[in-house]
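The structure appears below as structure tokens.
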Amino acid sequence: MNAHPFMFGPASRQIFGVFHAAGDGRHGSTAVLVCPPFGQEGLRTHRFFKVLAERLARSGIATLRFDFHGAGDSPGDESEGELDGWRRDLCSAHEELRRRAPGSRIVWVGARLGATLAVLAARNGRCDPARLVLWEPVIDGRRYARHLREQHVAAIDTTFCIPDLVWRRNLAHDPDALPEEALGTVLSPALRTQLGALAPESLPLTALHDTLVLTSPDDQHTAQWAAEQQSRHMPVRLAYFQHRLDWTADPYPNSAMVPADALNRLQGALHE
């Protein structure tokens, strides 16, 4: 495959990316920027988005994958990670993709916290995607952090021969506390503060971007948020999508790393 790894962005904030050129060597009418999830969810979906990018490139759609500053293969300390900086990283990636695929209509495909950052970046106005595809966006920061903390404690319970009951007691004592670490990833003080303030009303969509929201049938929070955006006459559509990918669990025994149904759904979302 024609995949090119490289560094980009300002010298003070370098970002690692992989550009998948269109398979026919020509710039198509559409290019895709992948906005990855945070932490363990990003690790868990790394191969998924690699395969998706390869598929898109073969179909003539140039694609850029990247790691936010302080995450993955990008320089920086994860303890400095926070939403405002990552939002700027996303815009830097958008500009880089526009440079490498000139004239293309750029679609952002974001998952989980990456989808949230796509909403924040598009609303900021510094970069202008043609379309947003938001896969299970995080719209309630406290609920999201609580889920990460619960998964973290569950992982500790199953990792040690003798479970460390302190973690379980702390979780029961203060279930809404924002974690300092979640599944091997540090949550900086700034990020914890930002997640604490992240709520559906802080994520209004704009009329400038056609938006497709993909979520599971039982996710009423996201469905309500999408309905509120529709009531504001925003160009947003909600589609329910059940998949076999577990965002945080190890890929054994029943969690697919690259489920074909999810690949097909994301690829099809570009043409709806």
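Do we find a residue being in contact (Cβ under 8 Å) with a residue 24 or more places away in the chain, assigned to a strand (DSSP E or B) and out of contact with any Leu (no Cβ under 6 Å at 6 or more places or on another chain) anywhere in the range 45-65? Among the residues of the range 45-65, at least one is in contact (Cβ under 8 Å) with a residue 24 or more places away in the chain, assigned to a strand (DSSP E or B) and out of contact with any Leu (no Cβ under 6 Å at 6 or more places or on another chain), which makes the answer yes. Considering 167, 247, 225, the condition of being assigned to a helix (DSSP H, G or I), modelled with pLDDT under 85 and of a type in the set (A, V, I, L, M, F, W, C) is satisfied by 167 alone. Inside the range 89-147, residues that are of a type in the set (Ser, Thr, Tyr) and either free of Cβ contacts under 8 Å to residues at least 40 places away in the same chain or surrounded by 24 or more Cβ atoms within 10 Å (Cβ to Cβ) (or both) make up a count of 1.
When the range 43-62 is filtered for residues that are in contact with a Pro (Cβ under 7 Å, 6 or more places away or on another chain) and either open to solvent by 20 Å² or more (accessible area, probe 1.4 Å) or more than 17 Å from residue 5 (Cα to Cα) (or both), only 45 remains. Considering 261, 246, 210, 218, the condition of being over 19 Å from the mean Cα position of the chain (by Cα) and of a type outside the set (Val, Ile, Thr) is satisfied by 218 alone. The one condition from (1) surrounded by fewer than 20 Cβ atoms within 10 Å (Cβ to Cβ); (2) in contact with a Leu (Cβ under 6 Å, 6 or more places away or on another chain); (3) not hydrophobic (A, V, I, L, M, F, W, C) that residue 40 does not meet is (1).
The values are calculated or read from the model by the stated rules, or taken from the named source; none is laboratory data. Worth saying up front: this structure is predicted, and the values here are computed from it rather than measured. Cβ sites come from the backbone with ideal geometry, for glycine too, and all protein chains shown count toward neighbours. SASA here: full protein model, heavy atoms, side chains in, ligands and nucleic acids out. Shrake-Rupley method; radii C 1.70, N 1.55, O 1.52, S 1.80 Å.
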